[in-house]
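A.B. asks: The structure follows.
A short reminder: the numbers here are calculations on the coordinates, not readings from a lab. Quick caveat: nothing in here was measured; it's all calculated off a predicted structure. Cβ placement follows ideal geometry from the backbone for every residue including glycine, while neighbour counts extend to all protein chains displayed.
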């Protein structure tokens, strides 16, 4: 460990480290809460957990996370390559279609998967005339892995796409000029160059899997997060749930530490592309490529949206009861706009701190943020209930508490998008501003921030859509009577009122997809590279 | 005077040390620059010259020593005036122009509001009239460099630092820009420090040259002295191509394989004599030599010569001179040359 | 610059809107109460509207799952802003009562509900009842072949054909009943036999009923009203309810209930609300909308459904079904809940 490297070369201005400190303090609320609750009955719940459920849960959670990550990479890497380097028609449209599934919450994808691919689902109905009596079991590990891949691969796709779009192609050209085929060049040169982006994408997908509740519960596969819910639901055992939550947090910390190590080791000597890319002509492989992209988009986007539309049409025909949409849309959009703005505003100084100054605070802020990110929303929400009702009574059960939860949950999303943008910005522009007599804050306001605009927009879009989808914290922390879109989807679908659930679900997807779709269309999602 | 006079101040670096972890990038460097003087720091890559420049500008902390501007300490182990309060201009190697600002806005960046007149004046001075509304990426390399210099000069810095100012320019442009830069600096009466690895740039632009090697300034001299009378064998190699011949000095002259040569500084005993390739005269000077190879270089030709008893060496002659491999000449040295006593 | 300005304007507008929402006063004349509802909005909102219209008391409802609402109440403790807890099942009410957070309801309210459907200490009352049943696909099973007891489900002829939802609270209440009636060992043996018999696991009761209707499985253990909800949503489906034999734990009748919090800021409003839920109007609504059994005022349920009076549940005090931790441990140790 090189401790000298940890000491910032320059003292960071208070306007940067104060938000940094605030971010760390906020993200520590759930950590303190878990520490408190998980130890209130001494160590016996811990040893009980370790002797009963933990080893199995650990194995199941990590196995699922690993397989989902693998699937996501298998979908995202070819898709990203095709949409940045190959001469497929309508590349932009494909980019948008491949990105938009980000807007679909995993619980909606899971509902659709069960309805469509279940043993006697819609697909089986279509195949019935062909003599298909039932489809294989969709519940359990493979169903959960499939669903989480559909819902989670866009995270990997965005990161890999951004890396491909900005990577230097000189090495690939060198390889081709030495007589190596495009395919071998891809595996020998392009793919290794993508490893840092892949590492970042895999991390996102692993965290996504570990903290997911919707898909695993609807598809019946127990992970840490699902078991934490079951603890609350079945025995109202806060301590047991907190123990599991704390273990999940520790596991995440371990994954993060090793991932950061791998990433810094891999990040050496990356170059940025100077010249424009010549697209690779696919020839007769083009058909295969389009087939691949069509299948990916069909499963991740058309399947869930199609099922929702089917339910909606059925409901309209049957004169089903539809919830009033307007207040829920208004609340969800307000919360997502305000939450995204606050989150990005807080994450930006932390990202500058981490990209420009380094030091322990910046690292602590980043890591703490990631750990809370992997905690189930329920745990974060209960932590805020605990602190809110004791120390912030005025804010408790107001939308501010909800916004606070969103900030804690989603600062890492904003951080990763912003940090990537800042790292790729030439740092000497800020030095130039300083040599012209501008203080650090002035330099940030006049140089760094304007240049980071694509990154800021991307972070905003990402947090916006994530808030739109968030369910557990939204349910627990929104003030009484405060309808939201995910709340409506949840309440209608638990009552099996699928037509009533489909309407808010479609509204949710439509609203959440707007900013990210725009970004994908403009190609600015490049800023999401972490 | 076209531009308002700035307020040049002297610079004094004493025993400056900058560390990156365990590496001492600058290791006890000393450098004095008088007010209004232009000094070039000449060194190979990795010699610590850019790091010293960044320490002067306020972007690196020193681990030892101090830096004074106008007699006031701006950097030491206990004091560190922030970069933006030093009034030290820095021209970056890649210019670091703000890509999101126009040329005029780049130049106006360090100026108070309402300085449009000064911006116009600077644009005119840099022959950039009409380009004020363009963005940096729409300019040629030479224009970008001028914008970078004008931007740094705009707020009347006490000292101007230039990091490899010509390295991104092609040969023809380089010469013109060098002239232009010196003219501007002289006109402003700036104290300036420019860092370069190019001996010609350093010689042509600077009043004095500080040679930097392994984090130290090993010699500071005028360009002519560094060329004609370097104080050591090391610094001799920085000013121009250097080759050394064994000799025996007898006060004002020395006996060498190239005959008796006059010494620029008296010396006695065994020595090594610096004879640069362009100091060797050919034809009718008494020492027989054979041409091994001839390399045509446009204005000059480079002859690889052999004299019995010593390794082959090089002479630079006008390219019109007829000389082929295996031709023989009588050569000699017409210039007073420096000699360095052989150690031991 | 331009886009940045638009972005910041939108943000400022959103922040203002949020502030307005946060500060918006809602104090009407009749006062207001806050209800934490484990029952979903579709099943509660109409009744609440009517209640406000009738009494002038404004109701703020927080809809969350029963589990989340209970966890929230436990975390909030004595400082909870809630007045009423409307729970989907008795277990959650028991857990909140255990924590000492429930007020004792006046006899005028508890007296409306038969004794077996309320807490013996008066801390909560059942609002509506639901019976455990076996839902089956009549296209796949003859009525004569149907099991008489939950124990029959381990028979080889049902191998791979029974659906259950071990993560579901109502299923866990049923297992608790099995433990009370037939003992710990019998419960364990039954769970293991079921697992061996390849019982199919589903996320919830709705999924089981859908799976039975589609023929994915032949039968499943659920609450009686999910079938009727699905029929209401989708029209006639290929599934029927079958009630198990008298006294069988598989014929357990559980309740959705309500309680007033000890810390309720508006206790009288809260009691009025609980009482309202037991009035004829609300009870009829539950019967029609949710197909549950009304528990007060002699209201009958939907005529298609076997009436409450004809049910023969096991003789169990619902308050005794609070050992959920034990049930959870059993489900885990047998590997049923993975």
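A.B. asks: Rounded to the nearest 0.05, what FRET efficiency is calculated for residue C:140 and residue A:510 with R0 set to 51 Å and r the Cβ-Cβ distance? If you can, show how the numbers build up before the last one.
C.D. replies: Values: r = 40 Å, r/R0 = 0.79.
For R0 = 51 Å, the calculated efficiency reads 0.80.
A.B. asks: Something else: Averaging sequence separations of C-alpha pairs under 8 Å and six or more residues apart, then dividing by the length of region C:27-102, give the relative contact order as a whole percent. Show your work: numbers first, answer last.
C.D. replies: Values: 104 pairs, mean separation 30.4, N = 76.
Computed value for region C:27-102: 40 percent relative contact order.
A.B. asks: Oh, and also: How well do other chains shield peptide B:83-90, expressed as the mean number of their Cβ atoms within 10 Å of each residue Cβ?
C.D. replies: Numbers: counts 12, 11, 3, 3, 3, 3, 4, 6.
Whole-number average of other-chain Cβ neighbours for B:83-90 is 6.
A.B. asks: Also, quick follow-up: What 222 nm value per residue comes from the helices of chain B, counting each DSSP H run with n ≥ 4 as -39,500 (n - 2.57) and dividing by all residues, nearest 500 deg cm²/dmol?
C.D. replies: Values: 8 runs with 76 residues, N = 344.
Result for chain B, helices only: -6500 deg cm²/dmol.
A.B. asks: Averaged over its residues, how many other protein chain Cβ atoms are within 10 Å of peptide C:202-208's Cβ atoms? Show your work: numbers first, answer last.
C.D. replies: Numbers: counts 4, 10, 6, 1, 6, 8, 0.
Taking the mean over all residues of the peptide, I get 5.
A.B. asks: Between region A:458-514 and region B:66-82, what is the C-alpha centre distance in whole Å?
C.D. replies: Each part reduced to its Cα centre gives a spacing of 58 Å.
A.B. asks: If you don't mind, there's one more thing I want to ask. Once you average over the residues of A:475-484, how many Cβ atoms of partner chains fall within 10 Å of each Cβ?
C.D. replies: Partner-chain Cβ atoms within 10 Å, mean over residues of A:475-484: 6.
A.B. asks: Do the sum for chain C: with -39,500 (n - 2.57) for every DSSP H run of n ≥ 4, divided by all residues, what is the mean residue ellipticity at 222 nm, to the nearest 500 deg cm²/dmol? Spell out each step's value before the answer.
C.D. replies: Numbers: 12 runs with 140 residues, N = 338.
Rounded to the nearest 500, it is -13000 deg cm²/dmol.
A.B. asks: How much length, in nm to one decimal, is gained on full extension between residue A:141 and residue A:25, taken as 0.36 nm per residue of separation minus their Cα-Cα distance?
C.D. replies: On the way: separation 116, 0.36 × 116 = 41.76 nm, distance 3.70 nm.
Taking 0.36 nm per residue and subtracting the Cα distance, the gain is 38.1 nm.
A.B. asks: Nearest 10 degrees is fine. How inclined is helix C:205-214 to the longest principal axis of chain C, computing both from alpha carbons?
C.D. replies: Compared with the principal axis, the helix lies near 50 degrees.
A.B. asks: Further question: May I ask you to order B:199-212, C:154-167, C:216-229 by the average number of other C-beta atoms within 10 Å around their residues, highest value first?
C.D. replies: Values: B:199-212: 21.8, C:154-167: 18.2, C:216-229: 24.8.
Descending packing order for the listed peptides: C:216-229, B:199-212, C:154-167.
A.B. asks: Applying a 10 Å radius around every beta-carbon, put B:124-133, C:65-74, A:23-32 in order of their mean neighbour count, most first. Present the calculation step by step, with values, prior to reporting the outcome.
C.D. replies: Working: B:124-133: 14.7, C:65-74: 24.7, A:23-32: 20.1.
Highest mean packing first, the order is C:65-74, A:23-32, B:124-133.
A.B. asks: Based solely on its DSSP helices, what 222 nm [θ] is calculated for chain A when runs of n ≥ 4 H residues each add -39,500 (n - 2.57) and the sum is averaged over all residues, nearest 500 deg cm²/dmol?
C.D. replies: On the way: 26 runs with 373 residues, N = 530.
The helix-only estimate for chain A comes to -23000 deg cm²/dmol at 222 nm.
A.B. asks: How many angstrom lie between the C-alpha centres of region B:38-52 and region B:86-116?
C.D. replies: 24
A.B. asks: For region B:191-238, just say rounded, prolate or oblate: build the C-alpha gyration tensor, square-root its eigenvalues into a ≥ b ≥ c, call rounded for a/c under 1.5, and beyond that prolate if a/b exceeds b/c, oblate if not. It would help to have the intermediate numbers written out before the result.
C.D. replies: Working: a/c = 1.64, a/b = 1.19, b/c = 1.38.
Oblate, since a/c reaches 1.5 and b/c is not below a/b.
A.B. asks: Right, next: State whether region B:244-341 is rounded, prolate or oblate according to the following rule on the C-alpha gyration tensor (a ≥ b ≥ c being the square roots of its eigenvalues): a/c under 1.5 gives rounded; otherwise a/b larger than b/c gives prolate, and the remaining case gives oblate. Please report the intermediate quantities before stating the final value.
C.D. replies: Values: a/c = 2.33, a/b = 1.94, b/c = 1.21.
Taking the square roots of the gyration eigenvalues as a ≥ b ≥ c, region B:244-341 is prolate.
A.B. asks: I want the antiparallel fraction of DSSP beta bridges within chain B, as a percent rounded to 5.
C.D. replies: On the way: 59 of 79 bridges.
In chain B, approximately 75 percent of DSSP beta bridges are antiparallel ones.
A.B. asks: With a 10 Å Cβ neighbour count serving as the proxy for reagent exposure, in which order, fewest first, do A:187, C:51, A:292 appear?
C.D. replies: Details: A:187 11, C:51 24, A:292 15.
The order, fewest Cβ neighbours first, is A:187, A:292, C:51.
A.B. asks: For C:144, B:45, C:149, A:175, which order do you get if you count the other beta carbons within 10 Å of each Cβ and list the fewest first?
C.D. replies: Numbers: C:144 5, B:45 8, C:149 15, A:175 18.
Ordered by Cβ neighbours within 10 Å, fewest first: C:144, B:45, C:149, A:175.
A.B. asks: Treat the count of other C-beta atoms within 10 Å as a stand-in for reagent exposure and order C:327, A:393, C:55, A:398 from fewest to most. It would help to have the intermediate numbers written out before the result.
C.D. replies: Working: C:327 25, A:393 11, C:55 16, A:398 20.
Ranked by crowding around the Cβ, least crowded first: A:393, C:55, A:398, C:327.
A.B. asks: What is the helix-to-structure angle for B:116-125, meaning the angle in degrees between its Cα long axis and the longest Cα principal axis of chain B, kept from 0 to 90 and rounded to the nearest 10?
C.D. replies: The answer is roughly 20 degrees.
A.B. asks: Looking at region B:101-238, send over the antiparallel percent of its DSSP beta bridges, to the nearest 5.
C.D. replies: Working: 5 of 10 bridges.
Roughly 50 percent of the beta bridges in region B:101-238 run antiparallel, per DSSP.
A.B. asks: Find how many whole Å separate the alpha carbon centroid of region C:282-338 from the alpha carbon centroid of region A:374-407.
C.D. replies: Going from one Cα centre to the other spans 34 Å.
A.B. asks: Would you mind classifying region C:208-338 by shape? Square roots of the alpha carbon gyration tensor eigenvalues, ordered a ≥ b ≥ c; an a/c under 1.5 is rounded, otherwise it is prolate if a/b is larger than b/c and oblate if not.
C.D. replies: Details: a/c = 1.83, a/b = 1.22, b/c = 1.50.
The shape class here is oblate.
A.B. asks: Related question: Relative contact order (percent) for chain A, with alpha-carbon contacts under 8 angstrom and 6 or more residues of separation? Could the numbers behind the result be given before it?
C.D. replies: Details: 768 pairs, mean separation 132.5, N = 530.
Value for chain A: 25 percent.
A.B. asks: Also, I was wondering about something else. Sorted by average packing, counted as other Cβ atoms within 10 angstrom per residue and highest first, what order do A:400-413, C:117-130, B:161-174 take?
C.D. replies: On the way: A:400-413: 25.6, C:117-130: 22.8, B:161-174: 18.1.
Order by mean packing, descending: A:400-413, C:117-130, B:161-174.
A.B. asks: Give me the percent relative contact order of region B:58-113, please, defined on Cα pairs under 8 angstrom at least 6 residues apart. Write out the running numbers ahead of the final one.
C.D. replies: Working: 38 pairs, mean separation 12.8, N = 56.
Reported relative contact order: 23 percent.
A.B. asks: Write down the percent of antiparallel bridges among all DSSP beta bridges whose residues are both part of chain C, to the nearest 5. It would help to have the intermediate numbers written out before the result.
C.D. replies: Details: 22 of 35 bridges.
Counting only bridges with both partners in chain C, antiparallel ones make up about 65 percent.
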